[in-house]
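What follows is a set of notes on a single structure, which appears directly below.
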Amino acid sequence: MERVPILKIGGVLLVSIQIDLQDQSVLALQEDLAEKISSTGAHGVVIDISAVEIVDSFIGRMFATIASISRLFDADTVVVGMRPAVAITLVELGLTLGGVRTALDLERGMKILGQLGRGRTT
Amino acid sequence: MPPRSEGPEQVPISGDDDVVRVRQLVRAYAQQTKLSLVDQTKLVTAASELARNTLIYGGGGFARVEEVNDGRRAGVRASFHDEGPGIPDLTLALADGWSSGSGLGLGLSGARRLVDQFDLDTEVGRGTVVTVTKWKR
């Protein structure tokens, strides 16, 4: 099983998914991220899916789960870089990703996290 | 994995990584048939849902992928075979939000919306075959 690396940039954790995700990798990523947010005190998580060719219900649910977990650690999650074909497919599949914040690209995602992170007392 | 030009290709579904393999095979066929990028994505996503169903609910099985032609247009057909418990209530299984497992209940109903043709053949105690087809526009 391949693991998705998690990079730390300041107070933000960057997850760039470059592999064809199998379910075990998805579950491992959720655990690794929870561990990493907890140990670093990061205030934000960016998940870059610009290289992801398909998002099915299992992978889609991962985004919602990661967002919920990060919230418990007082961190915000932004999913960035979704491909147009993936967006169209997700809507037709019936997956709404309710509650998951998205941004067009990494730059905008980082900007959103910067704004959300401002005013924090850390 | 370049698809052969003739005949269906068959891959076993017995583990997590096989779901990825099925996705890659279906994508190769969809590209070879020159489906649009959106249609490729829809078909591969449907295949991913169905392959996972075969694995989790059917206890494993196999997928068969082939290029088809109805005389007017080309398409890609993928079928998912298991010898699992079968589906006792089809109406329920195809309803949005219904799930017998830990899923979101979007697998079957969602996959059905993503393809042009959807056939489900199931018998309690014998197994399930789901066949989907996406035609080139």
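A few comments on the model shown:
- The residues in region B:35-75 that are more than 8 Å from every other protein chain (Cβ to nearest Cβ) and either assigned to a loop (DSSP other than H, G, I, E, B) or open to solvent by less than 30 Å² (accessible area, probe 1.4 Å) (or both) can be counted, and the count is 23.
- Some residue of region B:113-136 being among the polar types (S, T, N, Q), assigned to a loop (DSSP other than H, G, I, E, B) and away from chain A (no Cβ under 14 Å): no
- Residue pairs whose Cβ atoms lie under 8 Å apart, sitting 6 or more positions apart in sequence or on different chains, and linking a residue in region A:19-34 that is over 13 Å from A:Phe63 (Cα atoms) and part of a loop (DSSP other than H, G, I, E, B) to a partner that is at pLDDT below 95 and open to solvent by 40 Å² or more (accessible area, probe 1.4 Å), are A:Ile19/A:Glu2; A:Gln22/A:Met1; A:Gln22/A:Glu2; A:Gln22/B:Asp17.
- Test for A:Ala42: is it at pLDDT 95 or above and assigned to a loop (DSSP other than H, G, I, E, B): yes
- Residues that are within 11 Å of another protein chain (Cβ to nearest Cβ) and either open to solvent by 40 Å² or more (accessible area, probe 1.4 Å) or part of a loop (DSSP other than H, G, I, E, B) (or both), drawn from region A:67-108: A:Arg83, A:Pro84, A:Ile88, A:Val91, A:Glu92, A:Gly94, A:Leu95, A:Thr96
- Among (1) over 20 Å from A:Ala87 (Cβ atoms); (2) touching an Asp or Glu at 6+ places or on another chain (Cβ under 9 Å) - the single one B:Ala30 does not satisfy: (1)
- Unmet criterion (only one of (1) within 14 Å of another protein chain (Cβ to nearest Cβ); (2) surrounded by fewer than 18 Cβ atoms within 10 Å (Cβ to Cβ)) for A:Ile54: (2)
- Checklist (1) touching a residue at least 12 places away in the same chain (Cβ under 8 Å); (2) more than 11 Å from chain A (Cβ to nearest Cβ); (3) more than 12 Å from the chain's Cα centre (by Cα) applied to B:Leu92, failing item: (1)
The values are calculated or read from the model by the stated rules, or taken from the named source; none is laboratory data. Quantities reported herein were computed from a predicted structural model and do not represent experimental measurements. When we count neighbours, we look across all protein chains shown, and the Cβ atoms used for this are built from the backbone with ideal geometry, even at glycine. In case anyone asks, the SASA skips ligands and DNA or RNA and just uses the protein heavy atoms, side chains included. Shrake-Rupley method; radii C 1.70, N 1.55, O 1.52, S 1.80 Å.
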